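Have a look at the structure below before the remarks.
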Amino acid sequence: MSDRTPTNDRTPTLARRDALRLIGTAGALAAAAPLASAQTAPAATAAPTAMNGHGFYRQKIGNMTVTVLSDGTAPLAALLPTWGANPDRQAEFTQTLAEYHVPATNTVNHFNPVLVELDGQRILIDTGRGGAAGQLVTNLRRAGIEPDSVNTVFITHGHGDHIGGLTTAGKPTYPNAQHVMGEAEFNFWVTQATPNDAVKNNLIALKDRFRLIQPGQEIVPGLTTVPTPGHTANHLSVLAQSAGQGVMILGDAGGHFLISLKHQGAYVSFDTNGAQAAQTRQRIFNRIVTEGLWVTGYHFPFHAIGHLRRLNARSYEFEPTVWNWS
């Protein structure tokens, strides 16, 4: 709109005509009332809302706002066999990648933590890689969210690309948040004879901040853990529900967005127990489709949120939601 917005009864008629012309004929009637009232009182300025796509994607589900946050990407020289590790099925996986026009080489791996806002609470699920590579905090702020406003942090499992962002320069990244993790998963990592640096710096160093829970237990009202073992022995996904709708936040239980869904029995090279992980995926995919849930996967390509479609009794397909800028 023209910057000559009317401020009193002496505003030139030309300014109003210019403003209406810029709005367009279709919007003229709708704009007339605000323009008239603006002559006697200054218009309130709405706080700007960051547009989807600048490292984050918001989706309204029930009364929740679910925001997928990119922690960036890492180069991936070859998709196979990492994301489809069955040695006797490499030709089959290669054919599927070609069929769907998914690059098999010189591609990237995505990292997508999720923030759920419900009933005035902000719950962050997984924290990315941290360090110089991690982009989660930057993209949180782009979405208008400061780390100290996060109320709860839940960790699906103890791999470094999920726990690395718990600390920054040796201090908690989310200083006001209660930290929550499955008890068995937490204990597995912190009792290692020689824990890796990510575990030492982010789990052991923060052990007094953690509340440890069980599979099927509530993280906060509306968010419940779902046992999804195989990727790690005690991996937990999250079911978030509100107003009759729900989203399954899979963490790494989803595997690869194409191969793990389309090929029953496919497993990933960094699954702790490949056969169990594949069985878990079939079970959780079936539940997502049967219950009509939204879904997001940690390593799915950004914006990484949508639904699943059943192709047949053994095969599924990920359908990313239609992009909405607001």
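The values are calculated or read from the model by the stated rules, or taken from the named source; none is laboratory data. Nothing here was measured: the structure is a model prediction, and the numbers come from that model. Glycine gets a Cβ as well: all are built from the backbone with ideal geometry, and neighbour counts include every protein chain shown.
Annotations for the structure displayed:
- Of all residues making up segment 197-251, the number that are in a strand (DSSP E or B), more than 18 Å from the chain's Cα centre (by Cα) and touching a residue at least 12 places away in the same chain (Cβ under 8 Å): 5
- Candidate set from segment 283-304 (those that are touching a residue at least 12 places away in the same chain (Cβ under 8 Å) and of a type in the set (D, E, K, R)); member that is farthest from K262 (Cα to Cα): E291
- Filter result for P103 (modelled with pLDDT of 50 or more, in the same structural domain as A133 (by TED's automatic domain parsing) and in a loop (DSSP other than H, G, I, E, B)): yes
- Long-range neighbours under 9 Å by Cβ, at least six apart or interchain, first residue touching a residue at least 60 places away in the same chain (Cβ under 8 Å) within segment 162-173, second part of a strand (DSSP E or B): H162/I155
- Taken over segment 148-201, residues that are within 13 Å of V137 (Cα to Cα) and charged (D, E, K, R) amount to 1.
- Residues in segment 278-297 that are surrounded by fewer than 22 Cβ atoms within 10 Å (Cβ to Cβ) and among the small types (G, A, S): A278, G292.
- Among all positions in segment 163-171, there is at least one residue which is in a loop (DSSP other than H, G, I, E, B) and not aliphatic (A, V, I, L, M).
- Scanning segment 298-309 for residues that are surrounded by 15 or more Cβ atoms within 10 Å (Cβ to Cβ) and in a strand (DSSP E or B) gives I305, G306, H307, L308.
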